[in-house]
Each structure stands twice: as C-alpha cells, then as structure tokens.
1. Tell me which of these residue 180 doesn't satisfy, since it passes every other one: (1) surrounded by fewer than 17 Cβ atoms within 10 Å (Cβ to Cβ); (2) more than 16 Å from the ligand (Cβ to nearest atom).
2. Do you know which residues across region 70-89 are more than 16 Å from the ligand (Cβ to nearest atom) and either buried (at least 20 other Cβ atoms within 10 Å of the Cβ) or touching a residue at least 24 places away in the same chain (Cβ under 8 Å) (or both)?
3. Could you tell me whether residue 177 is touching a residue at least 24 places away in the same chain (Cβ under 8 Å) and either touching a Phe, Trp or Tyr at 6+ places or on another chain (Cβ under 6 Å) or within 25 Å of residue 98 (Cα to Cα) (or both)?
4. Could you run through region 175-198 and say how many residues are among the hydrophobic types (A, V, I, L, M, F, W, C) and either closer than 13 Å to residue 152 by Cβ or assigned to a helix (DSSP H, G or I) (or both)?
5. For residues in region 148-174 being in contact (Cβ under 8 Å) with a residue 40 or more places away in the chain, more than 15 Å from the chain's Cα centre (by Cα) and surrounded by 15 or more Cβ atoms within 10 Å (Cβ to Cβ), which is farthest from residue 135 (Cα to Cα)?
6. Can you go through 124, 151 and tell me which one is within 16 Å of the ligand (Cβ to nearest atom), in contact with a Ser or Thr (Cβ under 9 Å, 6 or more places away or on another chain) and not hydroxyl-bearing (Ser, Thr, Tyr)?
7. When you go through (1) part of a helix (DSSP H, G or I); (2) out of contact with any helix residue (DSSP H, G or I) (no Cβ under 6 Å at 6 or more places or on another chain); (3) within 13 Å of the ligand (Cβ to nearest atom); (4) not acidic (Asp, Glu) one by one for residue 201, which number turns out not to apply?
8. Test residue 53 against the stated conditions and say whether it is farther than 18 Å from residue 221 by Cα and out of contact with any Phe, Trp or Tyr (no Cβ under 6 Å at 6 or more places or on another chain).
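We did not get these values from a lab; they are worked out from the coordinates using the rules stated. Predicted model, so just to flag it, every value in this text is computed and none were measured. Because the Cβ atoms are built from the backbone with ideal geometry, glycine has one as well, and the counts that use them run over all protein chains shown.
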Amino acid sequence: MSIATQLYEVQQALPQGVRLVAVSKFHPKETIGEAYREGQRIFGESRAQELKAKYEALPKDIEWHFIGTLQTNKIKYIIPYVAMIHGIDSYKLLAEVDKHAQKAGRIVDCLLQLHIAQEETKFGFSFNECRDMLNENRQPWEHVRIRGLMGMASDTDNEEQIKKEFCALYTFFRELKSTSFAAQPTFNELSMGMSHDYQLAIAEGSTLVRVGSRIFGQRPAARF
Ligand SMILES: *Cc1c(COP(=O)(O)O)cnc(C)c1O
C-alpha cells in the first residue's frame, strides 16, 4: 500500500482533538515529501542532526516534533526548529532546554515523559518523581512551556495491560491539570500511542499519537 493510502487510513481513525505526529525518523526527505503532499504537516524525529538536516531541506510550514532521547549536547541543534520536545525525562534536561531556548530567544513547548511500561529499559519519570520535581521547582522556567505528558506503553500483545498503562497516564495527567498546572490552560497535550497501540491510546484520552511504521512501512537503518 502507498504512503498516501496508509496515511489516509490513520488520519481517518483520528477523532476531533487528536493530532497525528507522523514519525519519519530514518526515512529520507523524499518520503516525508510524499506525506507532505497529502497534507500531513507534523513530523516526528528522534535524532537531532537528522531533524536539522530535514528542516533545512523541506518546506518551512512543517511542525517538527522531537520524540527520542535527547542528549544535552544535542539540544543546540534542534532549538531553533523544534515545535515540541516530547521526551523530557529529567530536571537537568528541562533546565538545559530552558537555557538554550533563552539564548535563541524562544519559548519551546515540552512534554514530560513518564515511565508507564513494565520494561525497565524505557525512559521517564515515575509519577512520584514527577510530582516531586514539579513541587520543588515552581515555575522557574521562562523559556520552556510544559504542554503536557508523554508515555510509551509496554511492548506487548496484551491489550488489557496497554490500556491499564495509558489509563494510569491519563489519570496522572488529570491530576497535574488540577494541581501543578491548574493555572495553565496550555497544559493540554497527552502524547501516547504508536503504530500498534494508537487506537487504544485514543480511547484512553490521547491528544497526540506518534505513528511511524503504520504509515511509512519498515524503517531503513539509521543514517545519522
Ligand atoms: C519510533 C517511535 C515511534 C513510532 O513507532 P512506530 O511503531 O513505528 O509507530 C513513536 N514514539 C517514539 C518515542 C518512537 O521512538
């Protein structure tokens, strides 16, 4: 099936209020161009230099989301271009993004990543670590805007398990919305759901799904 057809099928499945981040990591710019011609404008990348190269080569109305693990020494590559950083998993990273955004004269939208899966290898705050971090650092950031939360469910076929994890993240999102972020209506994004579980994520309250292989097919090897 063509990219256009698969993209269309995913877009059709999105209710109002849910946006698609088409995960284009490792794919060449021509592939992104195909999705762009079909009207897709939000793309997700996981390597800083790759995002920069694609930004430079592609139309400027694309909204670039950084969805991977961000190393502090790579922040500078993406700060001028990135619309949203999904994977903030430490106070230190948030503070570094704030510092670079200040230098660039920008305010950068960020999502805090929570660890909701069973696998130890996945990144993110625990719910308690996140509460503590927010309580200890009451709005000291002037150049990052925390727009919501992000999480990845366990890599399993057990749909009940996946639902339970997404539901826990949604519940935590509602909690923060009425506590730490009660005065910030822009805290309104919940990034959860990938190719194999985006429909479950939508049912549990996702506002941003990050879908790659379901649209673009298997990823080529990393080039950066
Ligand atoms: C690669 C990636 C995706 C997309 O995965 P698919 O299974 O191809 O849809 C989504 N989120 C994150 C954080 C990723 O790294």
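1. Here residue 180 meets the rest and fails (1).
2. Of everything in region 70-89, those that are more than 16 Å from the ligand (Cβ to nearest atom) and either buried (at least 20 other Cβ atoms within 10 Å of the Cβ) or touching a residue at least 24 places away in the same chain (Cβ under 8 Å) (or both) turn out to be 72, 75, 76, 77, 79, 80, 81.
3. When the stated conditions are applied, residue 177 does not pass them.
4. Matching residues across region 175-198 total 4.
5. 163
6. The conditions single out 151.
7. Residue 201 satisfies every listed condition except (2).
8. Spelling it out, it is not the case that residue 53 is farther than 18 Å from residue 221 by Cα and out of contact with any Phe, Trp or Tyr (no Cβ under 6 Å at 6 or more places or on another chain).
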